[in-house]
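Working notes, beginning with the structure itself.
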Amino acid sequence: MIWISTKDSIFIRACKGMEVERHPVWFMRQAGRYLPEYGRIKGSRNILEVQKDPEASSEITVLPVRKLGVDAAILYSDIMVPVSASGFGIRIEENIGPVAERQLYSEEQIGGFKDFECESDAPYVIGNIKRTKEKLPDNLPLIGFSAAPFTLMSYLFEGKPSRTFERCRNIMKNDPDLWNGSMSLASELITSYLKSQLKAGVDAIQLFDSWAGFLSDEEYSKNALPYTKKIFASLPDNLVKIHFSSRNSGLLGRFAETGCNVLSVDHATDMRSTYETFGGRLAVQGNLDPDVARVGGNAMEIQTASILDSMDGVNGFIFNLGHGVLKDTNPDSLRTIVKQVKSRES
Ligand code: CP3
């Protein structure tokens, strides 16, 4: 038997721009609520509680591999797990998202970030990774992740999900010491968290800077980019590093400067022109509209085909949605997409 390890997998090869026989496919938020099995495993527990049960978490992580046939698994966790585990009070409210018990007013409130160690503060994440690796086939990579510093800190400064980020932008301008001090602490926490995930066995990492696209070029370049850059630079050179943001067309050039080697783009961005600008230097990932996947049917198949047509024959492309799977998506629709991607050989 030929030994195929995760580094030879189609996902890792595509992320590195190497030759592939077809494009790989996975979905952001594939380990989640659209799957009926997810609800059964989770019961009445919230995500921060299920996290602490590696058997349940690892089962949720591998579900989409078994049910949909995707080419990579993503750790079942949440971006707020290390924040919560370091002692900063966070609730995850259904249909709203992460809510802080108190808004952040001083660096002292996140003092726990300084000595955060995943192995002792959130050992269940390590347990989940190890258990998941035992369950996954040898050639099926596991993606670890974290929020990028801006997206992480936006929840602490705003106290709840925002679409204007007024307080963040105000602090950037009027209290740069608080901004820079907090972002530095967040970057240390994230770096340490990702290194622990790597040590435990993840094969690639994705940084979610979901809300960075709401910043201006100047705000992003000065107040967020340097921190993301530092995180990527402190991780091993040969590691697959994916950068994700949404509403991001105007900042794509900046995201490409972060040191990532895969650029994940949302559905408002044209995949082919992104490839033409960055391909060769970076791999690109995306970008079917999650709402089109939710509606399913013919329109979905046409749009999937159109993305595949536009990326026909290229290396360095990973099929995904432009953002996470929406909860009322039919798993059969995602199965159809996977089949469609897999049936195209390049
Ligand atoms: O992708 C995956 O399947 C892996 C697991 C994962 C979750 N959250 C599980 C989750 C990942 C990668 C995340 C990342 C995450 N979490 C991001 C970045 C990606 C993005 O979508 O932009 C953000 C901004 C969050 C914050 C967050 N956590 C939100 C907005 C929500 C949804 C709130 C709601 O009810 O609509 C959560 C909770 C959450 N994270 C759920 C899941 C499966 C659902 C709640 C639950 O089942 O308890």
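If each Cα of the chain is one equal point scatterer, what is log10 of I(q)/I(0) from the Debye formula at q = 0.16 Å⁻¹? Reported log10 I(q)/I(0), two decimals: -1.55.
Each Lys and Arg adds +1 at its Cβ and each Asp and Glu adds -1 at its Cβ; summed about the Cα centre, the range 112-233 shows a dipole of about 200 debye. The local environment of His267, defined by Cβ-Cβ distances under 11 Å, has a net charge of -3 under the rule Lys, Arg +1 and Asp, Glu -1. Counting DSSP beta bridges in the chain, what percent are antiparallel, to the nearest 5? Looking only at bridges with both residues in the chain, the antiparallel portion is about 15 percent.
With contributions of -39500 (n - 2.57) from each DSSP H run of at least four residues, the per-residue ellipticity at 222 nm computed over the chain stands at -13000 deg cm²/dmol. Principal axis analysis of the Cα atoms in the range 117-253 yields extents of 49, 33, 27 Å, listed in decreasing size. Backbone phi angles across the range 169-180, fed through the Karplus curve with coefficients 6.51, -1.76 and 1.60 (θ = phi - 60°), yield HN-Hα couplings of 5, 5, 5, 3, 7, 9, 9, x, 5, 5, 4, 5 Hz in residue order; Gly and Pro are listed as x.
Can you give the local net charge around Leu75? Use residues other than it whose beta-carbon is closer than 13 angstrom to its beta-carbon, Lys and Arg +1, Asp and Glu -1.
Residues close to Leu75 contribute a combined charge of +2.
Per residue, the convex hull spanned by the Cα atoms of the range 240-309 amounts to 87 cubic angstrom. To the nearest 10, the accessible area of Arg254 is 70 Å² with a 1.4 Å probe.
Here the accessible area of the range 82-212 is 45 percent carbon and sulfur, with a 1.4 angstrom probe and all protein chains present.
The loop-placed trypsin sites (Lys or Arg not before Pro) in the range 60-112, going by DSSP, that have at most 11 neighbouring Cβ atoms within 10 Å of their Cβ come out as Arg102. Its relative contact order, with pairs defined as Cα atoms under 8 Å and 6+ residues apart, puts the chain at 23 percent. With a Förster radius of 30 Å applied to the C-beta separation of Glu218 and Asn95, the computed FRET efficiency comes to 0.35. Taken per residue, the accessible surface of the chain reaches 41 Å², heavy atoms only and a 1.4 Å probe. Of the solvent-accessible surface of the range 243-343, computed with a 1.4 Å probe over protein heavy atoms with every protein chain present, carbon and sulfur atoms account for 44 percent. Applying a DSSP loop filter and a limit of 14 other Cβ atoms within 10 Å to the GluC sites (Glu not before Pro) in the range 268-346 leaves Glu345.
Residues whose amide H falls under 5 Å from that of Lys160, counting only those 5 or more places apart or on a different chain, are Ala100, with hydrogens built in the peptide plane.
If you run the Gaussian network model on the chain, springs between alpha carbon atoms under 10 Å, then out of Asp209, Asp270, Asp309 the most flexible one is Asp309.
The values are calculated or read from the model by the stated rules, or taken from the named source; none is laboratory data. Model, not experiment: these values are computed from the prediction. Counting neighbours? That spans all protein chains shown, and the Cβs are built from the backbone with ideal geometry, glycine included. Protein only, heavy atoms only, side chains kept; ligands, DNA and RNA dropped before computing areas. Shrake-Rupley method; radii C 1.70, N 1.55, O 1.52, S 1.80 Å.
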